[in-house]
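Read the structure below first, then the notes.
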Amino acid sequence: MIALGEGLRNAIRQHGEADYPYECCGLVLGRFGDGERRTAVTLHPISNAREEAAKRNRFLIRPLEFAAGEKAARATGLDVVGIYHSHPDHPAVPSGFDTEHAWPLYSYLIVSVEKGVAVDLRSWLLEDDRSHFRPEDLGPGGS
């Protein structure tokens, strides 16, 4: 489970709407708890680095951008606990591309943005063998 407050949920939705019809992306900063529990504290939005033609159905976080997010997290005593992105005019379900490029450690939050309006936000965990994602509960959080 990832504890994600309404303020952070709204920020992810707003980022998805603002970047529509392209995919938005960013990091979720927070704390790892017992087992698979994570608590989101803040977001680290990132500009999608894909070429414009590919931004509609793919996102790219450059290694230096990811490292900057990790540095920002460490500076406040947090960790990168998740990655979020949007699916313009598609469900909030991981694609095959998402599965191929994900890492098992993180929560993957996907917001579905239909015709410019965020309609669904879901979280997913990649199995350790990287075979598929499974749904992750979005619990209440403080932010």
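Distance from the Cα centre of segment 93-143 to that of segment 36-77, in angstrom? Each part reduced to its Cα centre gives a spacing of 14 Å.
In the chain, helices alone account for a calculated mean residue ellipticity at 222 nm of -7000 deg cm²/dmol, with every DSSP H run of four or more residues adding -39,500 (n - 2.57). Neighbours of T39 by Cβ distance under 15 Å: Lys/Arg scored +1, Asp/Glu scored -1, total -2. Inter-label distance, F97 to R134: 2.7 nm, where each label sits 7 Å from its Cα along the C-beta direction. Work from the charge dipole of the chain (Cβ charges, +1 for Lys and Arg, -1 for Asp and Glu, about the Cα centre) and give the residue of P140, G116, A11 farthest towards its positive end. Going by the Cα projections, it comes out as A11.
Under 13 Å from the Cβ of L4, count the other residues' Cβ atoms, weight Lys and Arg +1, Asp and Glu -1, and hand me the total. Overall, the nearby charge balance is +3. Hull volume per residue, based on the alpha-carbon atoms of segment 43-124 and their convex hull, is 101 Å³. The angle between the Cα long axis of helix 6-19 and the longest principal axis of the Cα atoms of the chain comes to about 30 degrees, rounded to the nearest 10. Given segment 2-138, what whole percent of its Cα pairs are spread farther than 24 Å? Here the long-distance tail beyond 24 Å is 22 percent of all Cα pairs in segment 2-138. If each residue of separation counts as 0.36 nm, what is the full-extension length gain between K115 and E51 once their alpha-carbon separation is subtracted? Once the chain is fully extended between K115 and E51, it gains 20.9 nm. Evaluated with a Cβ-only charge set (Lys, Arg +1; Asp, Glu -1), the chain carries a dipole of roughly 300 debye about its Cα centre, given to the nearest 20.
Readers should treat all values here as calculations from the given coordinates under stated rules, not as data from a laboratory. This one's a predicted model, so the numbers in the text were calculated from it and none came from an experiment. Cβ atoms come from the backbone with ideal geometry, glycine included; neighbour counts cover every protein chain shown.
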